[in-house]
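Scroll down for the structure; my scribbles are underneath it.
Where a number appears in this text, it was derived from the coordinates with a stated rule and is not lab data. This is a predicted model, so every value here is computed, not measured. Heads up, the Cβs are rebuilt from the backbone with ideal geometry, glycines too, and the neighbour counts pull from every protein chain shown.
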Amino acid sequence: MTKYEVENQNVNESDELIDVVEEFDYSTQSQEYNESFKKWRKSPSNAYVYNYKKNKKETEFIDGLGYMSTSSAEAEREVLSRCLHLLGAVLLTYILVENIFCKVAISIMESAGLNIHNSFINNSIYGGAKEVVIVLILFNTLKYIIPIYLIHHFLKMPYKVGFPLKLRSASELMYAISGTMIISVVSSISRAYADQTREIYNFFDAYDANVAFFAQHELVIYTFFEVIVVSILSECLFRGEIFHCLRQYGDLFAIIVTSFFSAVITQNFSMMPAYFMISMFSGFMVLRSGTITTAVIIRAIHSLYLLTLTIIESSTSPNMFLTRNFYMSVMFAVGVIIFLIVNSVCKAKIVVMFTNIKTHIKMRSKISLCFQSISLIGVILACIILAITNFVI
């Protein structure tokens, strides 16, 4: 056989072989991440990895049906359905911990004589300031830690894949900061036209935290927890292992799904649009920067922006509206300036195209599978009902 014939035979064999793990474009991430990600995807006994590999000419004998050829699309639908069911199950756990387990536990504490009480109607927690702070921190931590643990237990993903920490370049961090400032202002633009004042405690209302009677040091502790700790936990849940698991089905798909559910899980209609926008940007920047740290910083900056905005709106000064709009304008302008400076210095592309968009099933089919998952439908319905309840009460 001549050299040309050998090369031609190799090409033909390559054309006849489907290997979805090798088809995946690994050029956007670090070598360390890619090696671990590929190794995880090749795990033969993991039910949540999409690692279809087959020669197109091969057929499989199925009792009652005879010889049939399985397809990569069928395999992708099957594994994706499992992943979506897992996502729905852990988010239902989140909802149960937040809305039922916490209330039952507080009722038990109250019966034991502790100065801590809650209302099953409006989600408020009241009692001694120290007790309230401890309980809020404890249960708000649990509602994230338990789902994160469950995801890791089932996916068995290496930490360097699920929680990558190596920053690709400092410029990506600056892009993240500037983009967050811009998006935070855009997502809250309606407040520039509102003529109502707020109390600083309104910032915590979104987190079901009644902190009106906190002392200053207790308020500082809880503010630190909400801005820093919750940012870390939230991003570990939505931009951690489940995000990288969904990357098997396309980067854009992973960003859309995790962003949608990180917005829905707030159970607050007024917060959903802003959190969806911030989450979309976070997912994009995780892929650009190569680290989940970027997403944590984005979430923390957004929370700080909202806190500062609420503090300004709590002022009784007649110039409050002018101060608020000035603050929003400055934030937006600084974000744009930082972005332009970094882009001109680094001469990087403003838009980065996703390399992994198309898989063996179409995007609309993958989105449709999300709404065929019983657990995810349960999450959506539960969050809508809770959002309506919170809005009415």
Gain on full stretching of the segment that runs from VAL220 to ASN115 - 0.36 nm per residue minus C-alpha separation
35.7 nm
Any idea what log10 I(q)/I(0) is at q = 0.13 Å⁻¹ for the stretch 235-393, Debye with uniform C-alpha scatterers and no solvent?
-0.79
Modelled label-to-label distance, SER124 and LEU165, 7 Å Cα→beta-carbon offset: nm?
4.2 nm
From the square roots a ≥ b ≥ c of the eigenvalues of the alpha-carbon gyration tensor of the stretch 294-381, which class results: rounded (a/c under 1.5), prolate (a/b over b/c), or oblate?
oblate
Output ordering of 81-91, 240-250, 137-147 (per-residue mean of other Cβ within 10 Å, highest first) is 240-250, 81-91, 137-147
Compute the orientation-averaged projected area for the stretch 256-329 from the convex hull of its Cα atoms and round it to one decimal in nm².
5.7 nm²
In nm, what is the difference between 0.36 nm times the number of residues separating ASN46 and LEU150 and their Cα-Cα distance?
36.0 nm
Report the net charge of residues surrounding SER81, where surrounding means a beta-carbon distance below 15 angstrom and charges are Lys +1, Arg +1, Asp -1, Glu -1.
0
Could you give the Stokes-Einstein D for the stretch 74-392 in µm² per second, using the C-alpha Kirkwood radius, 37 °C, 0.692 mPa s?
157 µm²/s
Extension gain (nm, one decimal) between MET363 and GLU78, 0.36 nm per residue minus Cα-Cα
101.1 nm
Three-way shape label, the stretch 72-188, alpha-carbon gyration tensor, a/c 1.5:
oblate
